[in-house]
Amino acid sequence: MKKTIIIAFVIGLLLRLVLAITTYHSDLGAFALAGHYIVNQGKVFSFYDMTRQENETVFNYQPLAYLYPALIYSPWANLVNSTYKDIQNNEISQLKLNTVYWPLLVYKLPMILADMAIFFLIPLFFRKEKNKQLAQLLWWFNPLGIYVGSMMGQVDVVMAALLVTGYYFFQKNKLGWCAISIALSALFKPIGLILLPLLWIEKKDLKATIVGYLVYLLGIIPYLGSVSYRYYALAAEQISKTTYAGIAIASGTVIPWFFIMLAIAAVALWHKKISFLEAMTAMILSSLAFSHFHPQWLVWITPLLLIWVIKQKQLVYWPMMIFCWLLVLLSFDPTLHSQIFLASHWNLLLPKQADNVILLGRAGLVVLVLVLLRFWGPSERS
């Protein structure tokens, strides 16, 4: 590793560690509580059943979203046992009275590790040394990845690591491993399920597609007997958000823009008009661009888009994506931005006049979907 990259890595890592112990959002509480049930009470297959029995926390993600953090928490079982209530408290947590809270580092460590994995994985997609270093620097200092992994402490960055791993295996023509990686990402949040048919469309490999769905099915089978899992996670309300926006063709009948873009991506890939990378990124991004998505979700496509902009020499779309995301972030509750720091009393509320600027940012993400689908942009498939 070049000296410049080593220095950059150390600076970026220190930044992440400082932010990890000085920022907090209550969504982290679900991972802390589930980790306590799994690590300290052994409820590996029954933690969903604890929903609303002892608290107001709902486990509405897929199993690996809680099992993976719990695995990383396990060496610190005693610390989890003594601090999970502070982290889990969704009201006025005592830790918000501090400016630094060291246990947060343990609770965010699973996400920071995934963030680091992308840093070491992303140069493998390039041949030129300057592109390898550029990719590492842009990833390591992108505010979206830092925010999701080290500030919010959300598993979306783990999904991003698995999706980019899947694309790595695709490039190596290891389609079975590609399908498994995508399926594992779906066991955090199920967006990856829409990508598995792409393996058949691009490579005519139905077996790999089936393997992916089987891995996902095996991952959820132990929890299907849980009413709480089926109600809160398997049929989570967030899943339906992607189909809200659409073309109304009759009273009560709407063709979702998300479905339209999925169909366009599939057909474009079939006719070799776009690459597998473009199809993956466009499909995932279309699930967000046409919905009121949570700001951490955009990290799903961030490393994939970074690979694309460098390969296509279209770097202008990188700051565009970051800028659009920042506008979307600022449109949310202050606890997601200005009040995410411990002991922060700064309350940033955008004026009503800023609504159109926010919508412009969201429109920029729609434009990015169209660019990936080559409505305009690079003229040849890479």
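The values are calculated or read from the model by the stated rules, or taken from the named source; none is laboratory data. Remember, predicted model here, so these are calculated numbers, not experimental data. Side chains are part of the model used for accessible areas, which takes the heavy atoms of the whole protein and leaves out ligands, DNA and RNA. Shrake-Rupley method; radii C 1.70, N 1.55, O 1.52, S 1.80 Å.
Full extension of the chain segment joining ALA248 with LYS2 gains 83.1 nm, where the gain is 0.36 nm per residue of separation less the Cα-Cα distance. Quick check: from the Cα gyration tensor, does segment 95-254 come out rounded (a/c under 1.5), prolate or oblate? In terms of gyration-tensor shape, oblate. Solvent-accessible surface of the chain, averaged per residue with a 1.4 angstrom probe and all protein chains in place: 44 square angstrom.
Only DSSP H runs of four or more residues enter the estimate; each adds -39500 (n - 2.57), and after division by the residues of the chain the mean residue ellipticity at 222 nm equals -17500 deg cm²/dmol. Computed with the Debye formula from one identical point scatterer per Cα of segment 27-183, without solvent, the log10 of I(q)/I(0) at q = 0.15 Å⁻¹ comes to -0.85.
Compared with the dominant Cα axis of the chain, that is its longest principal axis, helix 77-88 is turned about 80°. Distances between placed amide hydrogens fall under 5 Å for THR23 paired with LEU342, all partners being 5 or more residues away or on another chain. Once the chain from LEU326 to GLN314 is taken as fully extended at 0.36 nm per residue, the excess over their C-alpha distance is 2.3 nm. Rounded if a/c is under 1.5, else prolate if a/b beats b/c, else oblate: with a ≥ b ≥ c from the C-alpha gyration tensor eigenvalues square-rooted, which is segment 162-266? It is oblate, given that a/c is not under 1.5 and a/b is not larger than b/c. For the chain, the relative contact order comes to 18 percent (Cα pairs under 8 Å, sequence separation of at least 6). Considering every Cα-Cα pair within the chain, what fraction, in whole percent, is farther apart than 26 Å? Beyond 26 Å sits 53 percent of the P(r) for the chain.
Largest first, the extents of the alpha carbon coordinates of segment 225-348 on the three principal axes equal 55, 45, 36 Å.
Give me the angle, in degrees from 0 to 90, between the Cα long axis of helix 302-311 and the longest principal axis of the Cα atoms of the chain, rounded to the nearest 10. Result, in degrees: 30. Computed over protein heavy atoms with a 1.4 angstrom probe, the accessible surface ordering of ARG16, ARG127, ARG362, ARG230, largest first, is ARG127, ARG230, ARG362, ARG16.
Find how much the distance from ALA263 to VAL367 grows on full extension, using 0.36 nm per residue of separation minus their present alpha carbon separation; answer in nm with one decimal.
Here the answer is 35.7 nm.
When the alpha carbon gyration tensor of segment 112-194 is reduced to an equivalent ellipsoid, the three semi-axes, largest first, read 21, 19, 7 Å. Taking the alpha carbon gyration tensor of segment 272-333, multiplying each eigenvalue by 5 and rooting it gives semi-axes of 22, 14, 8 Å, largest first. For segment 256-299, the fraction of C-alpha pairs farther apart than 12 angstrom is 58 percent. Any chance you could give the angle, 0 to 90 degrees and rounded to 10, that helix 156-171 forms with the longest Cα principal axis of the chain? Result, in degrees: 30.
Over segment 199-239, the hull volume per residue, using the convex hull of the C-alpha atoms, is 66 Å³.
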